[in-house]
Amino acid sequence: MNIPIARPTTGREEADAARRPLMSGWVTQGPEVKAFEDEFAVMTGASCACALANGTAALHLGLLAVGVRPDDEVITVSHSYIATANSIRYCQAIPVFVDITPGTFNMAPAAVEAAITEKTRAILCVHQMGMPCDLAKILEIAHAHSLSVVEDAACAAGSEICLKGMWQKIGKPHGDVACFSFHPRKVITTGDGGMITTNDSKIDSECKLLRQHAMDAASTERHDSKQIVRPQYSKLGFNYRMTDIQGAVGREQLKKLPKIVSRRRELADMYREALADCPPVILPEEPKWARSNWQSYCIRLGTGVEASAVMQAMGVKGVSTRGGIMCAHREGAYKTQPWLCLEEGRLIKGESSGCRALAQSELAQDSCISLPIFPQMTNEELQYITECLKEILT
Ligand SMILES: *Cc1c(COP(=O)(O)O)cnc(C)c1O
């Protein structure tokens, strides 16, 4: 057996779709991107969607569009892919790291409230590994303090949350904006790619402006116009465009999303059942109000079990695994501040190694492993994985 950690679901449909822009001669942001945005907005239930080069660009523009400015504080988690924290620094703002709730690996809302100061501008919450974070509580705190909420939904396409008794897609959005990624490790992919969904047309226009150097006239308009129009650049923008090749691929992936998510949920159910009676394994929690897309299946190993040794032994048996989600504050890029964390009710400059305020984040990184999960995986492969794991752990 040789089972990878993940595998994209691209195939013939995506290859055929990519031919359209390539043959038409319109290869960068154009009609395919526009159609992908419209279809993605329908999937999430948002009124606007803006496609971008990647998920990190989506976070950067999302933060700028809600008004994050230099020296503002943005409350987020360290326990995430480093792009989350980095996007705050791209705005020259200051990441304020709060700890996570162990069972869901998501931001602990109680910690958020305590971390708010007069400099706080926004909350950047993460739906880690596709598991919805506690938006009901986070939004309540944000509204009480007039803070913007940016959702890092990089992994969460197709995930759902029940709010006020109604099941809704992540990205509806529930905060001011939600930011998605289409990197191959996520549930649908365009190679690289990102998307911002929002219900605020002003935010949407701002993102669409900033993604192409803040150029004032849309390139399609210039194309159609008989007169010569000189574009205007009124402020500093970026080249964060998605290509039409990616847009065409994304539209095919979006069609597959319901099947991808339902198969991932089946596999997660099977993992839960198979590992229920394996004491050193602590399973991920799915709150009653959340339905994950199971972008990753991350288990926690009880004390005394060394995660790296387990990963090594699984590798020998042909099963590829990964460690827990990283903690940005432990990386060289965060060795020196600007980041802050909460200790005894006050924001302080934290320690890059052994930060007490982020103890649960560090523990989750060190004691967790991600098991393979992708729609093409067979039931037999899953059974093999759980058998190997049990053999290694007993
Ligand atoms: C993947 C990921 C990102 C970054 O997305 P890219 O498309 O790779 O730029 C940001 N946040 C989280 C939580 C992610 O998992």
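Quick notes
- Taking the criterion of being closer than 25 Å to Ile116 by Cα, surrounded by fewer than 24 Cβ atoms within 10 Å (Cβ to Cβ) and touching a residue at least 24 places away in the same chain (Cβ under 8 Å), the residues of segment 142-160 that qualify are Ala142, His145, Leu147, Ser148, Val149.
- Qualifying residue in segment 5-26 (condition: acidic (Asp, Glu), closer than 23 Å to Pro132 by Cα and not in a loop (DSSP other than H, G, I, E, B)): no
- Residue in segment 93-109 that is of a type in the set (A, V, I, L, M, F, W, C), at pLDDT 95 or above, surrounded by fewer than 23 Cβ atoms within 10 Å (Cβ to Cβ) and within 21 Å of His145 (Cα to Cα) present: yes
- Scanning segment 173-191 for residues that are part of a loop (DSSP other than H, G, I, E, B), more than 8 Å from the ligand (Cβ to nearest atom) and not β-branched (Val, Ile, Thr) gives Pro173, His174, Gly175, Asp176, Pro184, Gly191.
- Test for Ala83: is it farther than 18 Å from Lys137 by Cβ, crowded, with 20+ Cβ neighbours inside 10 Å, more than 11 Å from the ligand (Cβ to nearest atom) and among the small types (Gly, Ala, Ser): no
- Residue check for Gly165: more than 10 Å from the ligand (Cβ to nearest atom), closer than 24 Å to Ile373 by Cα and either out of contact with any helix residue (DSSP H, G or I) (no Cβ under 7 Å at 6 or more places or on another chain) or modelled with pLDDT of 95 or more (or both): no
- Lone unmet requirement of (1) buried (at least 20 other Cβ atoms within 10 Å of the Cβ); (2) within 16 Å of the ligand (Cβ to nearest atom); (3) under 19 Å from Thr189 (Cβ atoms) for Gln29: (2)
- Those helices (runs of 4 or more DSSP H) of segment 49-128 in which 3 or more residues are within 23 Å of Trp294 (Cα to Cα) and under 18 Å from the mean Cα position of the chain (by Cα) occupy 55-65, 83-90.
- Screening Asp204, Asp200, Asp134, Asp152 for residues that are closer than 24 Å to Pro31 by Cβ and either over 16 Å from the mean Cα position of the chain (by Cα) or of a type in the set (Asp, Glu) (or both) leaves exactly one candidate, Asp204.
- Flag if Ser159 is at pLDDT 95 or above, near the ligand (Cβ under 10 Å from one of its atoms), within 13 Å of the chain's Cα centre (by Cα) and not aromatic (Phe, Trp, Tyr): no
- Residue, nearest to Gly62 (Cα to Cα), within segment 123-141, restricted to residues that are surrounded by fewer than 23 Cβ atoms within 10 Å (Cβ to Cβ) and touching a residue at least 12 places away in the same chain (Cβ under 8 Å): Leu139
- Count of residues meeting criterion [within 9 Å of the ligand (Cβ to nearest atom) and closer than 17 Å to Asn199 by Cα] in segment 53-74: 2
The values are calculated or read from the model by the stated rules, or taken from the named source; none is laboratory data. It should be emphasised that the depicted structure is a prediction, and the values quoted were computed from it without experimental measurement. Cβ: placed from backbone, ideal geometry, glycine included. Neighbour counts: every protein chain shown.
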